[in-house]
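S.K.: Encoded as structure tokens, here's the structure I'll be asking about.
We did not get these values from a lab; they are worked out from the coordinates using the rules stated. For clarity, every value in this text was computed on a predicted model and none was experimentally measured. Quick reminder, even Gly has a Cβ in these numbers, built from the backbone with ideal geometry, and neighbours come from all protein chains shown.
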Amino acid sequence: MSTPTRIRAMLKDGATELRMLFSHPMENGLRKDAEGRRIPAHFITEASVRRNGEVVLAADFGPSIATNPYLAFSIAGGAAGDEIVVSWRDNLGETRSDTIRVA
Amino acid sequence: MDSRRRDVLKAGGGLGIWSVLAAAGIVTPAQAQDARNVAAFEATTLDDALRALGAGNAAESGAIRIVAPDVAEDGRAVALSVTSDIPRTEQIVILIEENPYKVAASFRLSGAMAPSIQTRVKMARSTRVHALVKAEGRIFAARREVTVTVGGCGT
């Protein structure tokens, strides 16, 4: 089972500031372990952020994004109670979706 | 940057619709994969990556700001932000020239999103960072050098 994405949303100056930390190894498939065996590629390929059902950001990732990917950005408008949904899919087909409400 | 993707987005009437549908289980992962510029993400040379992104002769732009440390102590996670002052920015792509896979991320922005994104990337060694911005069908580019003390993307 994957670990929840940590999501922070803050209303500020008429915008919603979003910060999120995905929990994922982001292995590029080229590294070797202590025994010299190749560590298989395992990284998030797609992520999306929705507000009240509408996509505000759609991202494609490669394995050059750091382990436990971090994103921060701002979206216009917003109100307390808005639903923010952060979803991802990785190269092995695993998916995860986490939801918060803007405080 | 990928005409097929633009068609998909137009057909879907929205941004990253395939990702959403896939996340909702409405389309299969194979269909969602169509939206990803696979050639760009699998490119292992900068030229191949830029070509796959349609950015071979992107215009240099001073309206793209890449904020990163001049010297990064730890190449495993280097904080980076890209901000575009180009009107109607619809896509931002970040490339790390010295990494095995050049394209770190491609962000498709809705109209609601401010054209600025912060993230953290790996850097195998000291490298040039490229940011591409797509706006109204045109692609613009900016570059910045980052010196890395301890690399973070090795084999």
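S.K.: Fewest to most neighbouring Cβ within 10 Å: what's the order for B:Ser106, A:Ser74, B:Ser116?
M.R.: Ordered by Cβ neighbours within 10 Å, fewest first: B:Ser116, A:Ser74, B:Ser106.
S.K.: Which of the three applies to the protein assembly as shown, rounded, prolate or oblate, going by the alpha-carbon gyration tensor with a ≥ b ≥ c and a/c under 1.5 meaning rounded?
M.R.: Judged from the Cα gyration tensor, the protein assembly as shown comes out rounded (a/c under 1.5).
S.K.: Between region B:43-93 and region B:102-155, what's the alpha-carbon centroid distance in Å?
M.R.: Computed from Cα coordinates, the inter-centre distance equals 4 Å.
S.K.: Go through region A:16-30 residue by residue and turn each phi into a ³J(HN,Hα) via Karplus (6.51, -1.76, 1.60, θ = phi - 60°); whole Hz please, and just put x for glycine and proline.
M.R.: 10, 8, 10, 9, 8, 10, 7, 9, 6, x, 6, 7, 8, x, 10
S.K.: Related question: Is it possible to state the helix-based mean residue ellipticity at 222 nm for the protein assembly as shown, with each DSSP H run of 4+ residues giving -39500 (n - 2.57), the sum divided by total residues, to the nearest 500 deg cm²/dmol? What is it?
M.R.: -3000 deg cm²/dmol
S.K.: Something else now. Under a GNM of chain A (C-alpha, springs under 10 Å), which listed residue has the highest mean-square fluctuation: A:Leu71, A:Leu30, A:Leu18?
M.R.: With Cα springs under 10 Å in chain A, the top fluctuation among A:Leu71, A:Leu30, A:Leu18 is at A:Leu30.
S.K.: Excluding same-chain pairs closer than 8 in sequence, count the lysine pairs in the protein assembly as shown whose Cα atoms lie under 25 Å apart.
M.R.: 6
S.K.: Tell me which residues come under 5 Å, amide H to amide H, from A:Asn68 once H is placed; ignore anything under 5 positions away on its chain.
M.R.: Under 5 Å from the amide H of A:Asn68 lie the amide H atoms of A:His24, A:Met26, each far enough along the sequence or on another chain.
S.K.: Which whole-Hz couplings ³J(HN,Hα) result when phi for each residue of region B:134-144 is put into the Karplus expression 6.51 cos²θ - 1.76 cosθ + 1.60, θ = phi - 60°, listed in order with x for Gly and Pro?
M.R.: Whole-Hz 3J(HN,Hα) from phi for region B:134-144: 9, 9, 6, x, 9, 10, 10, 9, 9, 9, 7.
S.K.: From the convex hull of the Cα coordinates of region B:76-140, what is the mean projected area in square nanometres?
M.R.: Mean projected area for region B:76-140: 4.3 nm², to one decimal.
S.K.: Find how much the distance from B:Arg51 to B:Glu145 grows on full extension, using 0.36 nm per residue of separation minus their present alpha carbon separation; answer in nm with one decimal.
M.R.: 31.7 nm
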